Each structure stands twice: as structure tokens, then as C-alpha cells.
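Let me begin by presenting the structure, written as C-alpha cells, before commenting on it.
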Amino acid sequence: MIFNYLRIAIRSLKNNRAFSLINIFGLAIGLACCTLIIAYLADEVSYDRFYPDFSQIYRVGIKLNQNGGTADYPDPDAAVGPGIKNTYPEVLAATRLVPLRETYIKIGDKQFKERHIVACDSNFFRFFSIPLLEGDPATALAGPGAVVTKEFGRKYFGDSSAMGRTLPIYGGIKITGVIDRIPDNAHFHFDAFLYGNFHGTTWSNIGFYTYLKLAKGADPAKLMAKFPDLTEKYVVPETVHDMGVSLAEARKEAKDWHFYLMPLTDIHLRSQTKYELEPNGDIQYVYIFGALAFFILLLACVNFANLSTVSSARRAKEVGIRKVLGSVRAQLIGQFLAESLILTFVSMLVALALISLVLPLFNQLSGKQLPLSLFLHPGAIAKMMGVVLLVGVLAGLYPAFFLSSFQTIAVLKGGIAESTGRQVPLRKGMVVFQFMISTSFIVSTVFVYQQLRYMQDKKLGYDSTRVLMIEDTYALRKDQLAFKQQLLADSRVISATISRDVPVDRVGTEVDGSEVYAKDRNKGANGGEIHAFFFHVDYDYLSTLNMQMAAGRYFNPSFTTDSGVAVVINEAAVHDLGWTNNEAALDKTIVESGQKEYKVIGVVKDFNYTSVKQKIAPLMMMLGRNNGGLMVKIKTADINGFIADTKRKWAAHDLQTPFSWYFLDDRFAALYLGEKKTGQLFTLMTIVAVIIACLGLIGLVAFSTQQRTKEIGVRKILGASVQQVVVLLSREFLWLVGLAFLISVPVTAVAMHAWLNNFAYRISMTWWVFLLAGAAAVFIALAAISVHTIRAALANPVDSLRIE
């Protein structure tokens with residue numbers, strides 16, 4: 001019986017090649033896209049789950065309520081982790097890490113700039129249960145030493161073991177352990193872990209990424225409920241000391257200070273602070289792409305069901321004859337389900353072929369490294385076969401029951417119109433659903449790209465055009481200023497500034513700031529203690545980046561008092577410190593934790609020194625600490641020639657440090673790489689959804705024109721023009737597309753409003769985008785149906801009337 005079903009199914013599919021190909025191709029596209037997206041989402045939600053005790057590990061953070069907003073820090077002060085561990089028995093262990101500044105390491109003739117070195121507690125590897133290839137995790141960092149990755153060791157010592165060798169860094173550090181590598185799906189990746197001799201005893205600052213391991217069954221919410229006791233015991237006395245306020249005032253300040261715990265597995269998708277160790281993912285994109293996968297697969301299934309039902313006219317007499325010959329309804333349902341399963345199985349094979357073709361592109365767009373073997377693994381194949389069975393049954397269930405329900409006598413007498421008439425509302429509903437989803441995708445894609453373009457084109461408050469950053473000019477030591485003057489003598493150079501602080505580099509890989517407050521806070525200002533970033537600049541920083549002053553003045557060599565005590569702050573700092581306006585901040589005193597005082601000489605207009613996804617944070621600019629690089633504003637079209645000349649000038653100093661550079665524009669574009677990839681993926685999925693919808697529409701139009709062949713012939717004989725016939729055939733589907741558009745508008749508007757709320761600086765939704773999407777949907781629908789409608793309109797009416 002089963003083999004008979006298969007033989008008949010294959011024969012039927014051959015006899016309906018066009019519909020079969022459309023069904024197979026549409027379903028294959030849907031299955032391929034759904035499978036790729038699910039693999040992407042599975043990787044996103046797998047972060048940090050490879051640690052043995054991942055469910056017991058939490059990261060400590062601080063949230064501060066400041067002037068109507070909340071500041072979120074994932075790296076509390078040095079004493080927080082040990083203090084919590086020693087206070088509460090449900091905390092089994094605590095560990096900390098601090099990222100170190102980039103540095104050069106040279107062994108023999110090999111020299112590299114290392115950006116991923118971290119200092120950590122001695123129990124770090126035991127805490128996370130990270131296995132060592134060489135060395136003992138219990139003792140590797142018990143004293144001065146370093147644990148490095150296998151690749152890091154190979155870079156300096158070749159194929160010989162790095163164990164026991166010495167790294168010429170910080171006076172020489174012995175390698176006491178070697179690990180393989182930190183997996184890709186971790187929220188931090190470092191190449192070298194150094195022994196961190198942490199002795200800090202303070203609670204009210206930041207800088208130490210701190211992790212706790214709770215006992216099994218411990219309730220993190222109950223533990224967090226005890227944290228205010230720690231704030232009262234440790235933070236309040238420090239506030240009294242650092243800010244010089246009374247105990248009552250310090251307690252008032254402490255009410256806005258909240259320690260919290262974040263599960264380790266939530267960090268990648270749910271933590272979006274400015275100070276993350278690495279750029280994280282976003283749980284909203286997981287939801288968005290999960291919905292995309294669902295709707296694309298649903299579109300493919302709807303397409304399959306729709307095309308199967310409209311092809312029923314060709315199968316009606318077959319069903320009638322089978323019933324006359326004794327076939328019962330269950331047998332007919334089995335036959336049609338067998339055809340559905342064969343189609344879905346073939347579609348899955350085609351989908352696997354499509355995955356192998358587009359996987360490199362998908363990896364490039366998503367930033368993942370998904371191997372093809374992931375989809376060919378026995379477990380993956382088993383899941384795909386499960387999907388084949390599920391989709392085959394669900395997509396074929398309605399057609400199977402519909403086709404097997406035809407009345408035998410009515411069908412054999414040619415009464416198919418009556419039998420198929422009942423499916424028209426559902427069929428039209430399917431068309432509306434397909435184009436509603438497609439139109440929503442089109443609208444969403446336009447808004448995604450508008451927001452991305454807005455972020456890239458937004459006025460940043462500084463000019464990064466043709467600003468070349470030459471790294472590590474501090475290696476020139478006393479010749480650094482002379483090198484700057486040498487470049488300024490070049491007619492191609494407009495301006496140059498020495499600074500280690502580049503706006504687009506302030507992305508949280510290194511925290512450089514402190515808690516500050518306004519000294520006159522008790523004299524009418526509303527500001528309390530806030531966290532501010534520090535920029536260390538020279539006299540030409542403002543002019544080189546074309547920043548604008550909002551009040552007061554910038555640093556001037558004529559004022560000898562500017563060095564050391566004078567600061568220029570941004571407008572965000574003015575607001576958060578509680579001053580009424582920019583002018584009110586001038587000549588005021590800002591106190592840094594530890595009682596160091598600075599006099600405000602000017603206010604610079606706000607500029608984005610992080611991604612525009614984030615609100616501009618308080619900033620203090622001061623002279624000195626020029627141990628970074630040199631930013632050079634140039635005005636030549638021969639950029640390569642200028643860089644080559646500059647490299648020769650650098651080489652003339654006979655430095656061991658290599659010449660390294662980048663353009664600020666390129667670094668700025670990298671800030672939005674994640675959003676750009678998301679936009680590209682969204683566009684790709686939109687194209688897929690539109691293709692699937694169009695395939696279904698093409699099949700429906702082909703069926704409709706076939707059903708109305710005689711009507712078209714009669715109308716042409718009675719004088720109807722080709723244009724009138726095309727309009728007649730198109731009108732039935734275009735109003736469905738219009739209805740789909742009207743339904744999609746409010747749904748998409750609500751969804752995109754929620755998405756745009758994730759950005760501190762965002763576009764406004766405009767009505768023309770919806771109209772553009774509606775026009776695009778109509779145009780696409782017309783293009784899809786034009787081939788069949790024009791062919792039917794141009795057909796010889798005599799031939800049309802001869803059709804049985």
C-alpha cells in the first residue's frame with residue numbers, strides 16, 4: 001500500500017511539474033532560511049553555558065539613579081567581591097578581572113601589539129573550571145605568573161612549549177600555565193591572564209569585573225535583598241570621607257546606589273552597558289530573528305497549502321473515479337499526505353543544497369563561524385527529518401482533507417466549481433496573510449536602514465573626516481612633540497594633536513573615569529556624585545577635531561594654571577552635576593573621589609564618544625598624560641603617499657615600535673558593524689519572504705486564469721481589449737494586496753516603535769515609508785501576475801472557447 005502511494009504520488013508530481021517545482025522551491029527557501037536562523041539563534045543563546053557550574057555564576061553590577069536617569073556599571077570596586085563572599089555563606093567563591101592597557105611584547109625579532117591581556121585573581125581558572133593543557137589551575141596564578149593560550153605561546157615561542165618561559169612584560173613574567181582557548185561563545189576572550197595582586201579595600205568606585213558562585217539552590221533575589229546592608233556599612237562611610245558630607249547626606253546618596261546580580265548566561269544578550277568587556281548581542285534581535293524564522297516557515301507552509309488546494313481542479317475527476325472504484329476517504333487522505341511528505345523531503349534536500357551555497361555569505365553577514373558540518377551532523381539530520389515530517393503533515397493536512405471531501409457525483413458531472421467555491425475565502429485569506437507579512441518586512445527593512453544611516457550620518461559634535469590616528473607615538477618619548485611639529489610642517493597637514501583618548505575608541509574595553517561631584521552641591525545645585533570619563537588632551541585637540549565650545553574657553557598655553565587643575569567639561573556633565581546652564585558651571589570646582597579638585601574653565605558642546613545607541617555620558621577633559629598617539633588632520637587626495645612619507649619619518653627615529661595607524665572614519669563605522677549586519681540579514685530575509693509570497697501568487701494567478709479561460713475568450717469576442725482583460729484578472733489579487741497593506745501598517749508601526757526605543761538617538765517614523773512599502777508590494781504583485789494575465793489576454797479567443 002505504501003509503495004503504491006509513493007508510485008502514484010511521484011506520477012502525480014510529474015504530471016503537475018509547474019506546481020511541484022513552485023512548491024518545492026518555495027518550501028526549500030523557507031526551510032533553508034529557517035534552519036540558518038535557528039542555527040544563528042542557537043549560537044546566540046549558548047553563550048557561557050559551557051562552564052560546568054554556569055547556572056550558579058553571577059556577575060556583580062551597580063546601578064545608580066542620577067538626575068532622572070540610571071547609570072549601569074558591570075565592574076564594581078575592588079572590595080565588593082571578597083566582601084560579599086566573606087559576608088554571606090551562600091556565596092561559595094568570588095573572582096575578579098581587570099583588562100590591562102594594550103602593550104607591545106617583543107621576543108627576539110618578533111614584536112606584537114597585544115590588546116587582550118587581563119589581570120585576575122589567583123582562583124580565576126578554578127572558579128570557571130577552565131582546564132589547563134599545562135600547569136595546575138590551583139597554583140598557576142598563586143603568585144606572579146601568567147596563563148596564556150596555546151596560540152599566544154606559539155606566536156612568541158614557536159612550536160616549543162611556552163610553559164616556564166618568560167614574557168618580557170612588566171619586568172618579566174613567567175608563564176605558569178597554558179590553556180587551549182576561550183570558546184567563541186563566551187562573553188570575554190583574552191590571550192594572557194596575569195596574576196592580579198589586588199589589595200583594594202574600597203567599595204564606592206568601579207573597575208573590577210566581579211563574579212560570584214552561589215551554592216546550589218541559593219536564591220539570587222534573596223541575596224540581592226541583603227545588599228543594602230553592605231551599602232550602609234561600606235559605601236556610606238566612604239561617601240562621607242570622599243565627598244565631605246554629613247552621615248545623613250551620605251545615607252541619602254546611598255539610597256540611589258544598588259548592587260545587583262546578573263546571571264552569567266544573561267550577559268551576552270541582556271547586558272548593554274557602556275563598559276562591557278566585548279560588544280554583546282541583543283535579546284531583542286533574538287526575538288526578532290526568531291519571529292522571522294517562524295513567519296518565513298509559516299509563509300512557505302501557507303504557500304504549499306494554497307497551491308495544493310488550487311490545483312484541486314486537475315485532481316477532482318481522479319478523486320471521483322477513485323471513490324467510485326472503492327477508495328475510502330482515509331486512503332485518499334493517506335495518498336495526498338504521502339505526496340506532501342515527498343515534496344517536503346525533496347524540499348529539505350534542496351534546502352540543504354541551498355544552505356551549503358549561501359552559508360559563507362550568511363556567516364559573513366551574521367558574524368558567526370557556523371560550519372557546514374553543523375547541518376550534516378546526525379543529530380541535526382534527525383531534527384531536520386522531524387521538521388520534514390511536521391511540515392509535511394501540517395502543510396498537507398488541509399489539502400488532503402479538502403481533496404478527499406469532493407462529492408463523487410458532483411465532481412464526475414463537472415461540478416468542481418461548487419466544490420472549490422468553499423475554499424475561496426480561505427485561499428484569499430492566505431494571500432492577504434502572505435502579503436501582510438511581506439509588506440511588514442519591507443517597512444521594517446526601510447526603518448532599519450534609516451536608523452543605521454541616521455547613526456552613521458548623525459552630527460557627532462566633531463569632524464572625523466580624514467583624521468589619521470598614528471598609534472603609540474609615546475614611544476618617541478622626548479621626540480614626540482618634535483615629530484608632531486615635523487608633520488605640521490607638511491603642507492598636507494591641517495592640524496595635529498597628541499592624545500591617548502580617541503572618541504570612537506571609548507567603547508568600554510577600558511574604563512577610565514571616576515566618581516566626581518560639584519563642590520558647591522550644597523549651595524543650590526541638584527547634582528550628587530556621578531561617574532565621569534576623563535580625556536587627556538593637548539592644546540590642539542579641540543581644533544583638530546573641530547569641536548565647539550558652549551561656554552568659557554579651551555586650554556591655552558598662555559594660562560600657566562591650566563595644567564593640572566583646570567578642566568573643560570561637556571554639557572552632559574553640566575546637567576548631571578546639577579548646574580542650571582553652561583555659564584553657571586564656569587569657575588566652579590569639581591571634586592574627584594579622593595578630594596582632588598579641578599576648576600571648570602569651559603564647557604564643550606556634547607559630542608558622541610561612544611555609539612549613538614547610547615546617551616552621551618559626562619566627560620572631563622584635562623591637559624597631560626600624552627602617552628597615546630597622534631591624530632593628524634590631512635587635506636590631500638594622495639592618502640597612500642602621505643602615509644608612506646609619514647612612515648619614513650617614523651622609521652628615521654629608529655624605533656623598535658612598528659608604525660601603526662588607522663582613520664577615525666573607519667573606526668567609527670566599526671561601531672555599527674552589528675547593526676549593519678542585522679540590517680543586511682533583515683533585508684535578505686525580506687527578499688526571501690517576498691519571493692515566497694510571489695511564488696504563491698504566481699501559482700494562484702495561473703490557476704485563476706485557467707479557470708476563467710472560456711470567460712476571457714467570450715469577453716474578447718464581445719470586444720474587450722487586452723488592457724481590460726489584464727485589469728479584470730489583476731483586480732482580484734491587487735485588492736487583496738491592498739487589504740494586506742492596511743492590516744500590516746498598525747502591526748508594523750507598533751513593532752518598529754518598540755525597536756527604535758532601544759536607541760538613545762533615533763529617527764522618527766514617517767508615513768511615506770508605509771506608502772512606499774505599499775507601492776512596492778503592489779508593484780511586486782503586478783510583476784508576479786503580469787506574465788499569466790498578459791498571456792491569457794493575448795490568447796486566441798477561438799482556442800480559449802475550444803477548451804473542455
Does at least one position in region 657-667 carry a residue that is out of contact with any strand residue (DSSP E or B) (no Cβ under 7 Å at 6 or more places or on another chain) and over 23 Å from Arg500 (Cβ atoms)?
-> no
Checking Asp43 against (1) farther than 30 Å from Thr686 by Cα; (2) in contact (Cβ under 8 Å) with a residue 24 or more places away in the chain; (3) of a type in the set (Asp, Glu), the condition it does not meet | (1)
By residue number, the members of region 329-374 that are in contact with a Ser or Thr (Cβ under 7 Å, 6 or more places away or on another chain), open to solvent by less than 60 Å² (accessible area, probe 1.4 Å) and either farther than 19 Å from Val302 by Cα or outside any helix (DSSP H, G or I) (or both) are Leu332, Ile355
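Do the conditions hold for Tyr287, that is, is it outside any helix (DSSP H, G or I) and under 30 Å from Gln56 (Cβ atoms)? Give the steps one after another, and end with the answer.
Values: outside any helix (DSSP H, G or I): no; under 30 Å from Gln56 (Cβ atoms): yes.
No: the conditions fail for Tyr287.
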When region 527-547 is checked residue by residue, the ones that are surrounded by 19 or more Cβ atoms within 10 Å (Cβ to Cβ) and of a type in the set (Gly, Ala, Ser) are Gly527, Gly528, Ala532
Restricting region 173-201 to residues that are of a type in the set (S, T, N, Q) and over 19 Å from Pro99 (Cβ atoms), which is surrounded by the most Cβ atoms within 10 Å (Cβ to Cβ)?
-> Thr176
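In this structure, is Arg506 at pLDDT below 80 and either touching a Ser or Thr at 6+ places or on another chain (Cβ under 6 Å) or of a type in the set (Gly, Ala, Ser) (or both)?
Values: at pLDDT below 80: yes; either touching a Ser or Thr at 6+ places or on another chain (Cβ under 6 Å) or of a type in the set (Gly, Ala, Ser) (or both): yes.
Here the answer is yes, as Arg506 does meet what is asked.
Residue by residue through region 463-477, note down the ones that are open to solvent by 60 Å² or more (accessible area, probe 1.4 Å) and closer than 15 Å to Asp538 by Cα. Outline the logic, then answer.
Filtering region 463-477 down to residues open to solvent by 60 Å² or more (accessible area, probe 1.4 Å) leaves 465-466, 474, 477.
Across region 463-477, the qualifying residue is only Tyr474.
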Looking at (1) of a type outside the set (Ser, Thr, Tyr); (2) in contact with a Gly (Cβ under 9 Å, 6 or more places away or on another chain); (3) open to solvent by 30 Å² or more (accessible area, probe 1.4 Å), which is the one condition that is false for Lys155?
-> (2)
Being surrounded by fewer than 22 Cβ atoms within 10 Å (Cβ to Cβ) and either of a type in the set (Val, Ile, Thr) or within 9 Å of the chain's Cα centre (by Cα) (or both) is the filter here, so list the residues in region 286-300 that pass it.
-> Val286, Ile288
Count of residues meeting criterion [in contact (Cβ under 8 Å) with a residue 40 or more places away in the chain, loosely packed, with under 11 Cβ neighbours inside 10 Å and of a type in the set (D, E, K, R)] in region 636-656 = 0
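Consider Glu529 carefully, then state whether it is over 22 Å from Val574 (Cα atoms), modelled with pLDDT under 85 and of a type in the set (Asp, Glu). Can you show your working first?
Numbers: over 22 Å from Val574 (Cα atoms): no; modelled with pLDDT under 85: yes; of a type in the set (Asp, Glu): yes.
No: the conditions fail for Glu529.
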Please go through region 728-785 and pick out each residue that is assigned to a helix (DSSP H, G or I) and aromatic (Phe, Trp, Tyr).
-> Phe733, Trp735, Phe741, Trp755, Trp767, Trp768, Phe770, Phe779
Search region 570-583 for residues that are on the phi > 0 side of the Ramachandran plot and pair each with any residue that is among the aliphatic types (A, V, I, L, M) and outside any loop (DSSP other than H, G, I, E, B) when their beta-carbon atoms are under 8 Å apart and the residues are at least 6 apart or on different chains.
-> Gly578/Ala518
Report yes if Leu452 is at pLDDT below 85 and surrounded by fewer than 22 Cβ atoms within 10 Å (Cβ to Cβ), otherwise no.
-> yes
Within region 119-152, can you find the residues that are among the hydrophobic types (A, V, I, L, M, F, W, C), surrounded by fewer than 16 Cβ atoms within 10 Å (Cβ to Cβ) and not in a loop (DSSP other than H, G, I, E, B)?
-> none
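Quick one: which strands (runs of 3 or more DSSP E) lie wholly within region 66-118 and hold at least 3 residues that are open to solvent by less than 10 Å² (accessible area, probe 1.4 Å)? It would help to see each step written out before you state the result.
On the way: elements: 69-73, 91-99, 103-107, 110-114.
It comes to 91-99.
This table checks each residue for (1) open to solvent by less than 30 Å² (accessible area, probe 1.4 Å); (2) on the phi < 0 side of the Ramachandran plot; (3) not in a helix (DSSP H, G or I).
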{"residue": "Trp203", "(1), (2), (3)": "yes, yes, yes"}
{"residue": "Tyr211", "(1), (2), (3)": "yes, yes, yes"}
{"residue": "Lys216", "(1), (2), (3)": "no, yes, yes"}
{"residue": "Pro228", "(1), (2), (3)": "no, yes, no"}
{"residue": "Val236", "(1), (2), (3)": "yes, yes, no"}
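The values are calculated or read from the model by the stated rules, or taken from the named source; none is laboratory data. Just so it is clear, the structure is predicted and the values come from calculations on it, not from any experiment. A quick note on method: Cβ atoms are made from the backbone with ideal geometry, for glycine too, and the neighbour counts reach across all protein chains shown. Accessible surface areas use protein heavy atoms only, side chains included; no ligands, DNA or RNA. Shrake-Rupley method; radii C 1.70, N 1.55, O 1.52, S 1.80 Å.
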